[in-house]
Amino acid sequence: MSGEILPWHQPILEKLQNRAKANTLPGAIALICGEGWGGHELIETAAFALLGLTSQQPPHEIAHPDFCWVVPDGAVIKIDQVRKLNAFAVQTPQISKCKVAVIVDAHLLNTNAANTLLKTLEEPPQNTHILLSTPHWGRLLPTIRSRCQRFQVAQSAEDGTKWLAAKGVQVSSQTFAQSGYAPLRVLEEERFDLAGWLSDLESGRDPSTSIADILEADLVDTLSCWYRDIIWQQHENANRTLLAFADEINQTRLQLETSNAANARLLMERLVYQWMQVVRLQRQRSG
């Protein structure tokens, strides 16, 4: 967000800064921020503040001896990445008063990587802070969770809509629901036209062409929007068939999000075939 500190981040940042000033900041910190509420921006701002950095460069481009930035390699964070972090953690600070290591989307640590991280989290070296960010606290191993002090961003749909309105952005209840009630998602300019895609598919378009189109999109995000849209449409009259299909969407999304081996084309072919069956069943019932 071009250096903007989002209003719902401010309480967490103030807590971290106050703890740092009082020398009571824990060595292992988990920052919990929902998708579309700026989790990456939060952990970047927090890390830079602890190091006294004001750089406008993306964090992965910063060459700072006391800063380590770890992001998923594909769909997971691998053991070699954590080994490098562990080696970084035992070094002596060279420029700043402390060292800061960041793990973005820590719920994507594979089992070996998570287990390799445990000892460093349990006994972080002096003047070292390890920051983990995730929107999915429950997906972290219990042993990881037990070693971290948790700071969670409060998410308020009202705060989100007020912030959007202040930026001149008006959003419908359906669009906000599709975004997961996440204000930053509403601002994304290049999102897949899910409504148009579904309309074309249901109007008899060649499914193979539709599948080719959706494979060019951010599948995890698009499937999340599809899932939320179905759930939103059930707020008055629940339809078991649609809710069952929504579960299929969610399972497909999770496979794509958590496995580098997931075959996106086969998964989408299966999902589109199931959706067309749902559409036919809905038309038979309405006819």
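In segment 171-287, counting only helices (runs of 4 or more DSSP H) that sit wholly within it, the ones holding 1 or more residues that are within 23 Å of the chain's Cα centre (by Cα) and hydroxyl-bearing (Ser, Thr, Tyr) span 173-178, 219-233, 240-258. Remark: pairs (first residue in segment 209-233, in the same structural domain as TRP197 (by TED's automatic domain parsing); second residue part of a helix (DSSP H, G or I) and aromatic (Phe, Trp, Tyr); Cβ separation under 8 Å; 6+ apart in sequence or on different chains) = SER210/TRP197; ASP213/TRP197; ILE214/TRP197; ILE230/PHE245. Cβ separations smaller than 7 Å between residues 6+ apart or across chains give no pair from segment 118-131 residues that are surrounded by 16 or more Cβ atoms within 10 Å (Cβ to Cβ) to residues that are polar (S, T, N, Q) and part of a loop (DSSP other than H, G, I, E, B).
The values are calculated or read from the model by the stated rules, or taken from the named source; none is laboratory data. Quantities reported herein were computed from a predicted structural model and do not represent experimental measurements. Heads up, the Cβs are rebuilt from the backbone with ideal geometry, glycines too, and the neighbour counts pull from every protein chain shown.
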